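Note sheet for the following structure.
Just so you know, all these numbers are worked out from the coordinates, no wet-lab data involved. Since the structure is predicted, the reported quantities are computational estimates derived from the model, not experimental observations. In this analysis, Cβ positions are derived from the backbone assuming ideal geometry, glycine residues included, and neighbour counts consider all displayed protein chains.
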Amino acid sequence: MDFEIKVLLITFAVSVICGLITIPILKKLKVGQIERDDGPASHLKKQGTPTMGGIIMIIAIIIVVTGSYIYLSMTGDADTGKKLLPLLLITIGFGMIGFIDDFKKLVLKNTEGLKPSYKMLGLLIIAVSYVLFLVQGLKLGTETYIPIIKMYINIPLYVYIPLAIIVILAATNAINLTDGIDGLSSSVSAIIITCLTVIGISNQIYEVSIFGSIVIGATLGFLIFNLHPAKVFMGDTGSLMLGGVISGLALYLKMPLLLLLIAIIPVLETISVILQVAYFKKTGNRIFKMAPLHHHFELSGWKENKVVVIFSLITLVACFIGLKIV
């Protein structure tokens with residue numbers, strides 16, 4: 001536990017330093033937020049705010065994971081150090097896909113960004129690679145925890161692999177949709193990752209507890225700059241990365257179904273978009289004033305900070321319930 005606290009604090013410091021260095025560079029490159037004309041009117045003033053800030057978290061994570069790997073190897077715990085690497089690779093992989101998308105949109109001024117088919121293909125390749133590595137490389141098997149009955153069950157391999165891939169793709173998309181208000185995605189993700197890290201600590205899965213602590217530190221460091229009024233946005237670089245971390249840790253713990261509870265806000269954000277699109281196509285009317293869900297509450301008169309606080313508290317309560325049933 002001491003090591004987890006140390007790496008969390010170190011990563012927090014590294015993330016803050018990276019933010020202080022990176023944000024002026026993003027401003028100089030004019031990598032600014034592009035707001036939708038049909039979005040909330042209050043968001044138009046955010047036009048030009050540096051985005052692609054997820055790179056701050058990624059750099060901090062890479063630095064501290066590398067340092068942890070070296071330290072653990074030198075202190076006789078090389079096995080745990082090696083197990084950090086697949087978690088790091090899925091983090092970098094999803095972050096890089098988001099980075100390419102952001103780079104094309106914001107630096108190359110290609111409004112389409114990365115083509116959706118290429119983006120999905122990239123996410124799919126990383127998801128498949130990670131799942132196969134867990135099952136075949138680390139020999140974790142296909143045991144999956146069922147929260148309702150509090151039991152692990154073995155799922156047939158041909159069912160488990162596609163389900164695990166769907167979990168990863170759904171999580172990355174859900175966190176991406178949650179990223180629309182200053183500090184929302186980073187706050188909610190930090191709480192979810194903290195819950196998964198606590199489970200890793202209680203189950204003595206040290207690679208999860210160490211890696212989770214590192215990501216928490218990086219996210220909290222980024223949050224200093226991302227709280228309202230945000231000085232930087234994470235972009236797809238950060239949201240896809242955090243979605244990859246959350247799903248990657250959940251699968252490593254064999255608890256992907258727990259995400260339906262502890263990631264209730266990203267789940268509801270996703271459902272709101274699906275319902276809005278389906279209902280509009282069928283009737284020409286809208287269920288919500290705007291989707292994803294956080295925009296509905298904004299247009300209902302809630303301030304951004306209120307949305308972040310309420311959604312974070314809901315996530316916190318859901319995570320407490322999640323810890324009770326594992």
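Points worth noting:
- Listed residue pairs exceeding 31 Å between alpha carbons, taken from K6/K254; K119/K289; K6/K119; K105/K231; K28/K83: K6/K119; K28/K83
- Label-point separation in nm, I153 to D2, each point 7 Å along Cα→Cβ: 4.3
- Computed FRET value (nearest 0.05) for S73 with R286, which takes r as the C-beta separation and R₀ as 51 Å: 0.40
- The order of V215, V188, V308, going from fewest to most other C-beta atoms within 10 Å of their C-beta, is V308, V188, V215.
- Membrane-span-like helices of the chain, defined as complete DSSP H segments with a Cα extent of 20 Å or more along the helix axis and a mean Kyte hydropathy of at least 1.6, are identified as 54-74, 157-178, 184-202, 304-324.
- As a rough footprinting exposure proxy, the listed residues T194, T172 were ranked by other beta carbons within 10 Å of their own, and the order from fewest upward is T194, T172.
- Taking 0.36 nm per residue of separation and subtracting the current Cα-Cα distance, fully stretching the chain between I310 and L227 would add 28.4 nm.
- Highest GNM mean-square fluctuation among F311, F222, F280, for the chain modelled with Cα contacts below 10 Å: F280.
- Database note for the chain: Cys without another Cys beta carbon under 4.7 angstrom, C18.
- Neighbour counting of Cβ atoms within 10 Å sorts the residues F12, F211, fewest neighbours leading, into F12, F211.
- Our note on the geometry: Cα centres of the stretch 78-150 and the stretch 231-296, 17 Å apart.
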